[in-house]
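The values are calculated or read from the model by the stated rules, or taken from the named source; none is laboratory data. Only a predicted model underlies this, so the values are computations on that prediction, with no experimental measurement involved. We place every Cβ from the backbone using ideal geometry, glycine too, and count neighbours over all the protein chains shown. Accessible surface areas use protein heavy atoms only, side chains included; no ligands, DNA or RNA. Shrake-Rupley method; radii C 1.70, N 1.55, O 1.52, S 1.80 Å.
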Amino acid sequence: MSKYDLKIYPMGGVGEIGSNMTVLELQNEMVIIDYGILFPYDDFFDINYLIVDTTELQKTEKKITLFITHGHEDHIGAIYHFLMDFPQATVYAPNFARTLILKKLLKRKMQHEINLYDENTALDFENFQLHPIHVTHSIPDTFGLIFQNTDLGFSLLFISDFKIDMNPLYEEAFNTEKIKKLFSKTNKNLAMIDSTNILVPGHTPSESDLTPDLEDIISGNKRTFITMFSSNIYRLKNILSLAKKHGRTITTIGQSIRFYLESAEESGLINLEDYNIKDIDSISNYNDPKLLFIVTGSQGEFLGATKRIVNGDQKHVTLNENDCFVFSSKPIPGNEKKIYQLYNELALKNVELINFMSKKIHASGHPAQEDLKYLVSNINPTDYIPIHGETLFLRKHVEFINDNFPQINTHFLTNFQGILLKGDKLSFFEVSQCDPLLIHGNGITIERERISERRKLACNGLVSICVNSKTKSIKIETKGLPVSADEHKYTVTDLVDYTIFHEYKKRDHDFVTEQARIKIRKFYKELLGYKPITLVSMV
């Protein structure tokens, strides 16, 4: 690469929602935008999360800088792993994300300097300059960036998560003017833009648009439960302010709500002493109609407070027909079934249910179609690449820009595909593709073949047999098989005894135990219709 070349390639978050990571590679430096997690699909069998495999990047001798755009888990959740692999990396983060990252690292007993930036910051990388762009989203202190070389006449605008909110409650509006000003300095302007809501017509509502319906709910005379994404601090702050206005006593249930509120207070975004918030164990009357519970689990998570409360498993709380339960969120695709099960349980208890379909109590953090039109028509990029979305969203986004802005050069790009800027020319190249790492337990990588073993154990169960070669005793244990299968343990014992001590008694241990294993699996296949995992050992 020459000193004016720039490579841009996503390694996560493009063609999927989650695990965000994009590399800007210069001659002697790499700027990595975000390093987040991807929550697994159900068939990963209780894996905590997935992260981008950076093995190839670890071979570089270039200086590494990690630039964080905001504090959502799909953008910061894997930073501990990143710093384990790149301990000398320089990290920049905005205020709220910085607080969250430091708390996460402290929990891991790790220390690393996290440099603070704001919209007035400008960072130099060889012949390019990085300018943060304040944008509105569903978490405070969210930024896009412009990576610019005015000598080349080139600017890259990168905004993975945003909404066009020109009337936000507690922050500045989306800063289109800064983008226009910086773009005016260059003649080739590439925009990489969020695709999450490309299928949604119209405009995304402002957070301020939710206040009337939220106030209508909170001013009522029912004991009220509100569940939402814990990271949406400005909506939480709005709810707390409305609760204060209407004399509500507030309590929270769930660790993530407390974590984010405490982090927001540390970041100077909220003063919790301004509100009548009580610890749940200190409340004298749990049936007080003035009680407002803010609880976790808006996506029906198994251990979330919402599921516990609805199922009657939460200490101090028993729902009844005088209660109101508010879902100030939308189901993430794939979670619909879990959430509708909760809706049905609430209906069975005759609890009043309010969700995004009945009142305006949720606003997305991503731009709908008219918002994208507004942005693109204002900034007028020469080139455009959809990012941050599943593959279908990326394709639809390309079509949308082609249909509405035919003068723009629109390109399709997904993970491990890159753009090379050479002079003022853009070309495309492939990056070595690698599967994500699977993280389980205490931040430990688990190999994919082990997941295959888990799947077989979960689906087929386990038969464990221990044979004592001296006493000829045989002990059989089964896990995950029908109880009726245990009625055949004597048959299995006889089969093992015959195979090991009669049919192959002159052969070595490994051979006879393998023959016994094969016969037992065949026996259970005939009995059950499938082969359980079978372990045979001899001592």
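State all residues of segment 1-14 that are crowded, with 19+ Cβ neighbours inside 10 Å and farther than 14 Å from Gln129 by Cα; if no residue qualifies, say none. Of everything in segment 1-14, those that are crowded, with 19+ Cβ neighbours inside 10 Å and farther than 14 Å from Gln129 by Cα turn out to be Ile8, Tyr9, Pro10, Met11, Gly12, Gly13, Val14.
For segment 495-511, taking the residues that are out of contact with any Ser or Thr (no Cβ under 8 Å at 6 or more places or on another chain) and open to solvent by less than 70 Å² (accessible area, probe 1.4 Å), the one that is farthest from Ser464 (Cα to Cα) is identified as Tyr504. For segment 500-539, taking the residues that are more than 15 Å from Gly480 (Cα to Cα) and assigned to a loop (DSSP other than H, G, I, E, B), the one that is modelled with the lowest pLDDT is identified as Lys506. Contact annotation: residue pairs with Cβ atoms under 6 Å, 6 or more positions apart or on different chains, pairing a residue in segment 1-23 that is within 17 Å of Gly71 (Cβ to Cβ) and in a loop (DSSP other than H, G, I, E, B) with a partner that is among the β-branched types (Val, Ile, Thr) and open to solvent by less than 10 Å² (accessible area, probe 1.4 Å), are Ser19/Val52.
State whether one or more residues within segment 298-306 are at positive phi and at pLDDT below 95.
Scanning segment 298-306, I find at least one residue that is at positive phi and at pLDDT below 95, so the answer is yes.
Collect the residues in segment 394-409 that are open to solvent by 30 Å² or more (accessible area, probe 1.4 Å) and either in contact (Cβ under 8 Å) with a residue 60 or more places away in the chain or within 17 Å of Gly15 (Cβ to Cβ) (or both), keeping them in residue-number order. Across segment 394-409, the qualifying residues are Arg395, Lys396, Glu399.
Selection of first residues in segment 138-156 that are in contact (Cβ under 8 Å) with a residue 40 or more places away in the chain and of second residues that are acidic (Asp, Glu) and surrounded by fewer than 24 Cβ atoms within 10 Å (Cβ to Cβ), restricted to Cβ pairs under 7 Å at least 6 apart or on distinct chains, gives the following pairs, ordered by first then second residue: Pro140/Glu171; Leu152/Asp424; Gly153/Asp424; Phe154/Asp424.
For segment 257-275, check the following and say yes or no: at least one residue is at positive phi and assigned to a loop (DSSP other than H, G, I, E, B). For segment 257-275, residues at positive phi and assigned to a loop (DSSP other than H, G, I, E, B): present. Restrict the check to segment 422-434 and report whether at least one residue is open to solvent by 40 Å² or more (accessible area, probe 1.4 Å) and within 23 Å of the chain's Cα centre (by Cα). Within segment 422-434, one or more residues are open to solvent by 40 Å² or more (accessible area, probe 1.4 Å) and within 23 Å of the chain's Cα centre (by Cα).
Scanning segment 444-494 for residues that are open to solvent by less than 50 Å² (accessible area, probe 1.4 Å) and hydrophobic (A, V, I, L, M, F, W, C) yields a count of 11.
Scanning segment 221-236 for residues that are charged (D, E, K, R) and either open to solvent by 40 Å² or more (accessible area, probe 1.4 Å) or closer than 16 Å to Asn322 by Cβ (or both) returns Lys222, Arg223. Restricting attention to segment 254-273, the residues being touching a residue at least 60 places away in the same chain (Cβ under 8 Å) and open to solvent by less than 10 Å² (accessible area, probe 1.4 Å) number 2. Residue count for segment 1-45 satisfying the condition of being within 15 Å of the chain's Cα centre (by Cα) and either modelled with pLDDT of 90 or more or not hydrophobic (A, V, I, L, M, F, W, C) (or both): 17. Considering segment 512-539, and only residues there that are among the hydrophobic types (A, V, I, L, M, F, W, C) and open to solvent by less than 60 Å² (accessible area, probe 1.4 Å), the residue that is farthest from Lys489 (Cα to Cα) turns out to be Val512.
Scanning segment 182-193 for residues that are polar (S, T, N, Q) and in contact (Cβ under 8 Å) with a residue 60 or more places away in the chain, we see that the one that is most open to solvent (accessible area, probe 1.4 Å) is Asn187.
Of the listed requirements (1) crowded, with 17+ Cβ neighbours inside 10 Å; (2) more than 28 Å from the chain's Cα centre (by Cα); (3) of a type outside the set (Asp, Glu); (4) closer than 17 Å to Thr382 by Cβ, Ile218 misses just one: (4).
Are there strands (runs of 3 or more DSSP E) fully within segment 424-464 with at least 1 residues that are in contact (Cβ under 8 Å) with a residue 60 or more places away in the chain and of a type in the set (S, T, N, Q)? List them.
Filter on segment 424-464 gives an empty set.
Each residue in segment 469-499 was checked for being within 16 Å of Lys522 (Cα to Cα), of a type in the set (Val, Ile, Thr) and in a helix (DSSP H, G or I), and 5 pass.
If you check Thr196, Thr211, Thr204, which single one turns out to be open to solvent by less than 20 Å² (accessible area, probe 1.4 Å) and within 30 Å of Phe325 (Cβ to Cβ)? Exactly one residue qualifies, and that residue is Thr204.
Condition first: buried (at least 17 other Cβ atoms within 10 Å of the Cβ) and in contact (Cβ under 8 Å) with a residue 40 or more places away in the chain. Can you find one or more residues in segment 274-287 that meet it?
Keep residues of segment 274-287 that are buried (at least 17 other Cβ atoms within 10 Å of the Cβ), which gives 275, 277.
Still in the list and also in contact (Cβ under 8 Å) with a residue 40 or more places away in the chain: none.
No, the conditions are met nowhere in segment 274-287.
Listed here are the helices (runs of 4 or more DSSP H) enclosed by segment 301-399 that have at least 1 residues being under 18 Å from Leu291 (Cβ atoms) and touching a strand residue (DSSP E or B) at 6+ places or on another chain (Cβ under 6 Å): 305-310, 336-348.
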